[in-house]
Amino acid sequence: MGGEDFMPIFFEKKQLVTPGEMLAEGEYLPGENTYMEQNKIYASRIGLVDTDNKKVNVVALRAFYVPKVGDIVIGTVVEVGFNGWTVDIKAPYSALLRASDVLSRPFKPQNDELSAVLNTGDLIVAKIASYDRAHDPQLTVGEPGLGKITRGQILHVTPTKIPRVIGRKGSMISMIKQETGCQIILGLNGVILVTGKAPEDEELAIEAIRKIEQESHTSGLTDRVTQLLKERKGKIEEKVEEKQE
Amino acid sequence: MNEKPEKLIDKKGIRSDGRKADELRPLKIQVSVLSNADGSAYIEHGKNRILAAAFGPREMHPKHLAMPDRMVLRCRYHMAPFSVQERKSPAPSRREVELSKVIKEALEPALFTELYPRTGVDVFVEVLQADGGTRCASITAAALAIADAGVPMRDLVVACAAGKVDDTVVLDLYDTEDKLGAADVPVAYMPNLNAITLLQMDGILTAEEFEKAVNMAMDGCKKIYEIQKEALKTKYMVVKEASEE
């Protein structure tokens, strides 16, 4: 801060701020969860401030998911309609999944019973195909890895914490996958699917993700999570050995 | 309890509840007190006890109330039957409908309603115990509940009243003063943007007295804002510290 031109910043790094707190004045740009008025930048959510060059960002501690085209999300089918399904994706808008997209052949309402394909309560992994201010998000499952979820466990985290679970260039998530042997699908809407060979593995992965969620704004987290996983894995192996004896 | 004191202000300028003219009642605010709401807050302002809960942004029901270009804020101010000495009918009264509207209009300028078209945010304010100035305490709590729900805000909204009692302009009237005093001026205020979002007057004041009352109420708002901000930070500080160990 000191020595720079007259461009005051009114916060320390990683300081907790509340909506309306003035963060900077002058040649700065409003980043995430901030807004600009009369050349001043204010926070618009509770969170931790940081600067990225000239950009002032607030990492929100409380937020909700806003759909974005191309995002992978996990949702629950809430309604079977005439030519598609309504899916709850934990966003301000419910999403639509069209029957023709799922069936991958021309869809005729008289031949196909939609509830036989997906029924209310079913969970799906899907990609957001289109979304804008005037239209509700539309989903697609026409890509490998997408579609109905048949096994595994679901857990919910605050959507803003998903990037932390992924880690830098995916380091965190690939480490958890490797250590637990589980398949993990991260829905950007804050829903996570964990599928493992044994329920113990799944529980372990869930515990690790919960730890990340709680300690998301601390450094050296990857190491601590690795340690936790190694410790727990040792215990599980001991138990298995005891049983065999 | 409701006996009429002979004088509302004694010779030394002390009010019937022992406060000075420009003194606030004791305040206690807590955030995130309800687990089923997206955001919530509880305020004890003197003998007032008020709960506020916020939901959303979510799809509007009934659908015809949704606006194609912006988010809709709905408020319900309600007094519990046991909140006053004489049982209050739980059915919404004329006064409650009016206060619901007034609270909604005091909070709306703080929201970026244009960001999430076709959605709605619901705020429920439940007065558990009333002792004068509930609309102000309700606004203070409701703003926190909305911030806690993660809805982006321009600023927090604080409210406080000033009025005239026995020819003196005083801050933060309680029930007896409100009923026996000459005037009451509730003010809701966005402290960082220095903008008033609610200004009412009940009673008769001269122009000078009115100006004095507004300024006094704004100063009161600033004091309450510090407590309000602290309450919000405390909640998330706990999270932050727990993770840092």
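Just so it is clear, none of the values below were taken in a lab; they were calculated from the coordinates. Note that the structure is a prediction, hence the values are computed from the model and not measured. Neighbour counts run over all protein chains shown; Cβ positions are idealised from the backbone, glycine included.
Write down the percent of antiparallel bridges among all DSSP beta bridges whose residues are both part of the protein assembly as shown, to the nearest 5. Given both bridge residues lie in the protein assembly as shown, the antiparallel proportion sits at roughly 85 percent. Peptide packing for A:60-67, A:25-32 was compared via the average number of neighbouring C-beta atoms within 10 Å per residue; ordered from the highest value, the list is A:60-67, A:25-32. As an exercise, identify the trypsin sites (Lys or Arg not before Pro) in the stretch B:185-231 lying in DSSP coil whose Cβ has no more than 13 other Cβ atoms within 10 Å. Answer by residue number: there is no such site. Net charge dipole, the stretch A:161-245: roughly 520 debye, given to the nearest 20, about the Cα centre with Cβ charges of +1 for Lys and Arg and -1 for Asp and Glu.
Averaged over peptide B:52-59, the number of partner chain Cβ atoms lying within 10 Å of each residue's Cβ comes to 2. Ranked by how many other Cβ atoms sit within 10 Å of their own Cβ, fewest first, the residues A:D122, B:D172, B:D167 fall in the order B:D167, A:D122, B:D172. Taking chymotrypsin sites (Phe, Trp or Tyr not before Pro) across the stretch A:79-136, the ones in a DSSP loop with at most 15 further Cβ atoms lying within 10 angstrom of their Cβ are A:F82.
Once a ≥ b ≥ c are taken as the square roots of the eigenvalues of the Cα gyration tensor of chain B, is the result rounded (a/c under 1.5), prolate (a/b larger than b/c) or oblate (a/b not larger than b/c)? Note, shape of chain B comes out prolate. Averaged over the residues of A:34-41, the number of partner chain Cβ atoms lying within 10 Å of the residue Cβ comes to 1.
In terms of other Cβ atoms within 10 Å, B:C136, A:C182 run from fewest to most in the order A:C182, B:C136.
Counting other Cβ atoms within 10 Å, keep those with at most 14, restrict to DSSP loop, and tell me which chymotrypsin sites (Phe, Trp or Tyr not before Pro) in the stretch B:121-198 are left. Sparse-neighbourhood loop chymotrypsin sites (Phe, Trp or Tyr not before Pro): none present.
Could you grab the relative contact order for chain B? Cα pairs under 8 Å, six or more apart, rounded to a whole percent. Computed value for chain B: 21 percent relative contact order. Taking the DSSP bridge list for chain B and keeping only pairs wholly inside it, about 85 percent are antiparallel. What list do you get for B:I196, A:I46, B:I43 if you sort them by fewest beta carbons within 10 Å? Least to most surrounded, the residues fall as B:I196, A:I46, B:I43.
Placing unit charges on the Cβ atoms only, positive for Lys and Arg and negative for Asp and Glu, gives the stretch A:16-60 a dipole magnitude near 60 debye about its Cα centre. Classify the protein assembly as shown: rounded, prolate or oblate, from the alpha-carbon gyration tensor (a ≥ b ≥ c, eigenvalue square roots; a/c under 1.5 rounded; otherwise prolate if a/b is larger than b/c)? Prolate is the answer for the protein assembly as shown, as a/c is 1.5 or above and a/b outweighs b/c.
Separation of the stretch A:152-170 from the stretch A:28-59 is 23 Å, based on Cα centroids. Mean per-residue shielding of peptide A:130-140 is 1, counting Cβ atoms of other chains within 10 Å of each Cβ.
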